[in-house]
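Reviewing the structure listed below.
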Amino acid sequence: MAGLAAASALALRLPPLAASPRQVGLLMPGGSAAESVRTALAGEFRVVSRTVGTAPNAVLAEARRMLATEPVDALVAALNARAAPRLASLLAERSIPFVALEAGANAPTAAERLPGLMYRTAGYWQACYAAGAWAARQVGRRAHVLASLFESGYDALPAFALGFEEHGGTVVATTVTRLPAEIPAAVAAVARTAPDLVYAMYGGAEAVTVLREYATAGLRSRVPLVASPFMADAVRAEPAAVGLRSVATWVDGEPFGALAQGGAGHGVAGFGAAIGAGLYLRELRGGAQHVVGRLGDTAELAAMADRIRPEPRSGWLDPHVGY
């Protein structure tokens, strides 16, 4: 949901709609993320919104109810790439374009990229790929990846390895912890693999635990720690997080940076278009993220989408896989 909030705080823009009145349906969980999207859309369209969870079947059912009662010209909904084509196919029958909002942990396959379907994401897998490419060039050639079980079913995890290895690096170990109690042993294993850096993918309380264990083990001064964007945001208040680097499409209070302010031609500018967001190298200082470099654009990595997913993909945790 943190990623969804980052993705949806854009100044969303839809292409000109021929139908009059121009009415857009919005299906999202309640909260600040939905309000950000609603406010952005309301500047140009009449918005018909419904509060719904992120479970695909619930979104699809609510979409059907909306289509039966409201003459919408476009639909915006919080939906993962695994399920978005189901709703896009339903809307295609009525020639209604669809914007799927999500964190971007999974890269849509060719089968999941359909006419009339636009993904607007926080660029999570692209950020992980870019972090790998940067780390191999600037930090070291041997990486140890630490990840929670909650991260292990998504494409963002192999995206880092692909970026790292395509730029001359080697992932010497990938350690997935299933329970918080396993984190100390996972951190201790770093000393045995002797990497040049560690890439950590955790969220919430587990992210804090990893950071503290890493500091207690005395590794911060010897083995640089690079964090996933959500982990870096989760540990921002920790004293040990000073100097922690991450790659993301957003900075403090500015999800997607300039894209959120770009006006026509930015944000969701056209369905099926290659719309990108900047990938920023960030560093934590004083509890805030600071941009220390720009590593390209998410649109530049579009060709990677069909290459990062190992088969068979686990996806065990992904609620958008097992309907």
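Computed from the coordinates by the stated procedures, all read-outs in this text should not be read as laboratory data. Note that the structure is a prediction, hence the values are computed from the model and not measured. All Cβ positions, even for glycine, are placed from backbone atoms using ideal geometry, and neighbour counts span all protein chains on display.
Give me TRP250, TRP134, TRP125 sorted ascending by neighbouring Cβ count inside 10 Å, so fewest comes first.
Details: TRP250 27, TRP134 21, TRP125 31.
Least to most surrounded, the residues fall as TRP134, TRP250, TRP125.
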Report summary line: Treating only Lys and Arg (+1) and Asp and Glu (-1) as charged, each at its beta carbon, one finds that region 65-189 has a dipole about its Cα centre, in Debye to the nearest 20, of 120 debye
Report summary line: 1/(1 + (r/R0)^6) with r = Cβ-Cβ of VAL176 and ARG46, R0 = 45 Å, i.e. FRET efficiency to nearest 0.05, evaluates to 0.45
Query raised in the report: How large is ³J(HN,Hα), in whole Hz, for each residue of region 79-95 in order, when computed from phi with the Karplus curve 6.51 cos²θ - 1.76 cosθ + 1.60 and θ = phi - 60°, using x for Gly and Pro?
Result: 7, 6, 4, 5, 10, 4, x, 5, 6, 4, 5, 5, 6, 4, 4, 10, 6
Report task. Let me know the shape class of region 125-248, please: from the alpha-carbon gyration tensor, a ≥ b ≥ c as square roots of the eigenvalues, rounded when a/c is under 1.5, otherwise prolate if a/b is greater than b/c, or oblate. Result -> rounded
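Quick one: ASP196, ASP155, ASP252, ASP73, fewest Cβ neighbours within 10 Å first, how do they rank? Each step should come with its number before you reach the end.
Numbers: ASP196 17, ASP155 26, ASP252 14, ASP73 20.
By the 10 Å Cβ count, ascending: ASP252, ASP196, ASP73, ASP155.
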